[in-house]
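Step one of this worksheet: look at the structure below.
The values are calculated or read from the model by the stated rules, or taken from the named source; none is laboratory data. For clarity, every value in this text was computed on a predicted model and none was experimentally measured. Positions of Cβ are generated from backbone atoms using ideal geometry, with glycine treated the same way; all protein chains shown enter the neighbour counts.
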Amino acid sequence: MHKALLTLVIAALLTACNSNVIESDTRSIASAVWEKNDTISFAVQPKDSLQSYDMFLQVRNTNNYPFNNLFLIVSMEFPHGKVVTDTLEYKMANPDGSWLGTGFGTIKENKLWYKEGITFFEGGTYNLRITHAVRNNGEVDGVTALEGISDVGYSIEAVSE
């Protein structure tokens with residue numbers, strides 16, 4: 001009973017310390033295998049059109065991830081139809097093979113920059129879509145079943161002034 005209460009108090013304190021996070025969401029990937037044609041989608045509804053935000057992608061990988069980098073195609077659809085698409089590359093491991101990110105054991109969580117100092121000036125829902133674009137060296141076709149990615153998400157944080 002005391003251990004459960006202590007765990008709850010620690011979790012509450014850690015959550016309270018991260019007060020800049022305005023909105024976040026995560027999707028789990030079944031069996032930690034991200035299929036090439038599986039798009040991870042989020043409906044984003046920012047609250048303040050005058051506030052500046054930093055936006056991050058959250059990626060959890062296991063020791064089964066076979067690459068030292070990760071390529072993502074990220075599209076943001078604005079409420080009135082405009083779409084901005086970025087192809088992004090993130091380092092996932094150090095040159096010695098040790099994983100970047102935080103966490104203990106076999107899962108590492110990576111907080112990856114997506115957009116810095118952005119404003120959501122259009123009222124309504126923004127649609128965020130994420131697919132992977134990982135390829136083996138020398139191959140034209142992408143990896144069809146990317147192993148080792150267990151969760152993908154985003155977070156929006158208020159810019160401290």
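Residues that are touching a Gly at 6+ places or on another chain (Cβ under 8 Å) and touching a residue at least 60 places away in the same chain (Cβ under 8 Å) were ranked within region 106-144; the one that is farthest from TYR90 (Cα to Cα) is ARG135. Could you check, for region 12-28, whether at least one of its residues is of a type in the set (S, T, N, Q), free of Cβ contacts under 8 Å to residues at least 60 places away in the same chain, in a strand (DSSP E or B) and more than 17 Å from VAL143 (Cα to Cα)? For region 12-28, residues of a type in the set (S, T, N, Q), free of Cβ contacts under 8 Å to residues at least 60 places away in the same chain, in a strand (DSSP E or B) and more than 17 Å from VAL143 (Cα to Cα): absent. Residues considered: PHE121, PHE42, PHE67. Of these, the only one that is hydrophobic (A, V, I, L, M, F, W, C) and more than 18 Å from the chain's Cα centre (by Cα) is PHE121.
When the residues of region 78-99 are filtered to those that are surrounded by 16 or more Cβ atoms within 10 Å (Cβ to Cβ) and among the aliphatic types (A, V, I, L, M), the one that is nearest to PRO46 (Cα to Cα) is MET92. Are any residues in region 101-133 hydrophobic (A, V, I, L, M, F, W, C), out of contact with any Ser or Thr (no Cβ under 8 Å at 6 or more places or on another chain) and either closer than 18 Å to ALA158 by Cα or buried (at least 16 other Cβ atoms within 10 Å of the Cβ) (or both), and if so, which ones? If the condition is that a residue be hydrophobic (A, V, I, L, M, F, W, C), out of contact with any Ser or Thr (no Cβ under 8 Å at 6 or more places or on another chain) and either closer than 18 Å to ALA158 by Cα or buried (at least 16 other Cβ atoms within 10 Å of the Cβ) (or both), then LEU112, TRP113 are the ones that fit. Whether a residue is free of Cβ contacts under 8 Å to residues at least 60 places away in the same chain and closer than 25 Å to ASN63 by Cβ was assessed, and GLU147 does not pass this test. Among residues of region 80-105 that are in contact (Cβ under 8 Å) with a residue 12 or more places away in the chain and farther than 22 Å from GLU116 by Cα, those with a beta-carbon under 8 Å from a residue that is outside any loop (DSSP other than H, G, I, E, B) and among the small types (Gly, Ala, Ser) at least six positions away or on a different chain give the pairs TRP99/ALA93. With respect to the conditions (1) touching a residue at least 12 places away in the same chain (Cβ under 8 Å); (2) more than 26 Å from GLU157 (Cβ to Cβ), SER75 lacks only one, and its number is (2). Only a single criterion out of (1) modelled with pLDDT under 95; (2) on the phi < 0 side of the Ramachandran plot is not satisfied by GLU109, namely (1).
The residues in region 45-63 that are over 13 Å from the mean Cα position of the chain (by Cα), closer than 27 Å to TRP99 by Cβ and surrounded by 14 or more Cβ atoms within 10 Å (Cβ to Cβ) can be counted, and the count is 1. Checked against the criterion of being among the charged types (D, E, K, R), over 18 Å from ASN61 (Cα atoms) and within 17 Å of the chain's Cα centre (by Cα), the candidates LYS91, LYS82, LYS115, LYS108 yield just one match: LYS115.
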